[in-house]
1. (1) open to solvent by less than 10 Å² (accessible area, probe 1.4 Å); (2) under 13 Å from residue 223 (Cα atoms); (3) not in a strand (DSSP E or B): which one isn't true of residue 141, the others all being true?
2. Restricting to the range 6-25, and then to whatever is open to solvent by less than 90 Å² (accessible area, probe 1.4 Å) and not charged (D, E, K, R), can you tell me which residue is nearest to residue 36 (Cα to Cα)?
3. Suppose the filter is farther than 29 Å from residue 143 by Cα and open to solvent by less than 30 Å² (accessible area, probe 1.4 Å); does residue 196 pass it?
4. Out of 222, 186, 218, 163, which single residue is closer than 26 Å to residue 2 by Cα, modelled with pLDDT of 95 or more and part of a loop (DSSP other than H, G, I, E, B)?
5. Give the residues of the range 120-138 that are in a helix (DSSP H, G or I) and either open to solvent by less than 60 Å² (accessible area, probe 1.4 Å) or not hydroxyl-bearing (Ser, Thr, Tyr) (or both), sorted by residue number.
6. Can you tell me which of (1) more than 16 Å from residue 38 (Cα to Cα); (2) in a helix (DSSP H, G or I); (3) free of Cβ contacts under 8 Å to residues at least 40 places away in the same chain; (4) under 17 Å from the mean Cα position of the chain (by Cα) is the one residue 174 doesn't meet?
7. Condition first: touching a Phe, Trp or Tyr at 6+ places or on another chain (Cβ under 7 Å) and within 20 Å of residue 211 (Cα to Cα). Now tell me which residues in the range 134-172 satisfy that.
8. Of all residues in the range 85-119, which are in contact with a strand residue (DSSP E or B) (Cβ under 8 Å, 6 or more places away or on another chain) and of a type in the set (Gly, Ala, Ser)?
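The values are calculated or read from the model by the stated rules, or taken from the named source; none is laboratory data. Quick caveat: nothing in here was measured; it's all calculated off a predicted structure. Every residue, glycine among them, receives a Cβ derived from its backbone with ideal geometry; neighbour counts consider all protein chains shown. These accessible areas exclude ligands, DNA and RNA; they are computed on the full protein's heavy atoms, side chains included. Shrake-Rupley method; radii C 1.70, N 1.55, O 1.52, S 1.80 Å.
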Amino acid sequence: YIRTNGMFDAVLAHDKNGIFDDNLMRNTLDAFTGLDGQDLASRVSTGEHYEWQQGRWSQTQNDFTKPTTQFHVVALDFGVKKNILRCLASAGCKITILPASASADDILSHNPDGLFLSNGPGDPAATSYQAPHILPTLQKLIATNLPIFGICLGHQILAQALGAKTEKMPQGHHGANHPVKDMTTGKVEIVSMNHGFTLARDSLPAHIEETHISLFDGTNCGLAVKDKPIFSVQYHPEASPGPQDSHYLFDRFVEMMRH
């Protein structure tokens with residue numbers, strides 16, 4: 001039914017005695033407006049900047065690693081996952097996390113070697129519309145040739161700053177074991193996804209290369225700017241369904257900063 005008709009609204013309820021208020025559930029469902037037009041990223045973004053240097057978990061050490069840092073990355077927080085920060089740290093990055101409201105001057109004042117755009121919830125078009133500073137901020141940073149890496153919502157917002165548009169999917173991609181093809185190598189990665197919006201492929205400007213696609217429905221899963229050190233992916237390379245098929249993306253970001 002979902003595959004044919006798309007996602008529908010629902011209420012999940014639990015009571016150990018099996019007693020439910022049907023009217024309350026029905027009213028809650030009727031009041032749900034959906035994700036279209038919802039800027040949720042601003043609600044979950046950090047309120048102040050902080051530093052991160054903790055690496056991934058080591059089974060041999062039975063602890064999180066403390067890797068040596070080579071580069072300083074500023075991460076814009078739209079709802080960042082800690083394991084993304086750990087993967088960046090393990091790749092050799094010291095990370096300064098800033099609120100999504102940070103300006104280009106705020107970001108550049110930290111003298112970063114690169115900029116990371118995090119994952120997050122909600123409608124990317126609404127986030128850009130209700131926080132109108134975001135796209136001009138990114139466009140200023142894109143013009144500086146600063147290396148930029150985006151994941152999930154960060155991928156979608158970066159695409160908007162580059163001139164592309166996003167759209168609601170009939171049904172989103174959620175969970176592990178999603179096959180994604182790297183169009184630059186022909187390899188297939190098994191990845192985790194959690195998104196209900198996607199890039200409108202026909203809106204991609206000529207200077208944007210589509211680097212990854214979903215093998216389930218052909219939707220966009222990655223992009224790169226042809227003449228700049230900028231790329232992003234729709235999926236979550238910090239997750240481990242592959243188990244580490246996509247960790248190379250963090251190393252790619254570091255190599256961009258190195259050169």
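1. Result: residue 141 passes all but (2).
2. Looking at residues that are open to solvent by less than 90 Å² (accessible area, probe 1.4 Å) and not charged (D, E, K, R), I get 7.
3. Working: farther than 29 Å from residue 143 by Cα: yes; open to solvent by less than 30 Å² (accessible area, probe 1.4 Å): yes.
So residue 196 fits the description; yes.
4. Details: 222 fails: part of a loop (DSSP other than H, G, I, E, B); 186 fails: closer than 26 Å to residue 2 by Cα; 163 fails: closer than 26 Å to residue 2 by Cα.
On inspection, the qualifying residue turns out to be 218.
5. Here is the first cut: in the range 120-138, the residues in a helix (DSSP H, G or I) are 124-130, 134-138.
Selection gives 124, 125, 126, 127, 128, 130, 134, 135, 136, 137, 138.
6. Going through (1) more than 16 Å from residue 38 (Cα to Cα); (2) in a helix (DSSP H, G or I); (3) free of Cβ contacts under 8 Å to residues at least 40 places away in the same chain; (4) under 17 Å from the mean Cα position of the chain (by Cα) one by one, residue 174 breaks only (2).
7. Our first condition is that a residue be touching a Phe, Trp or Tyr at 6+ places or on another chain (Cβ under 7 Å); within the range 134-172, this holds for 147, 149, 153-154, 156, 166-169.
Those that are touching a Phe, Trp or Tyr at 6+ places or on another chain (Cβ under 7 Å) and within 20 Å of residue 211 (Cα to Cα): 147, 149, 153, 154, 156, 166, 167, 169.
8. Here is the first cut: in the range 85-119, the residues in contact with a strand residue (DSSP E or B) (Cβ under 8 Å, 6 or more places away or on another chain) are 85-86, 88-89, 92-100, 102, 106-107, 110-119.
Residues satisfying the conditions are 89, 92, 100, 102, 114, 118.
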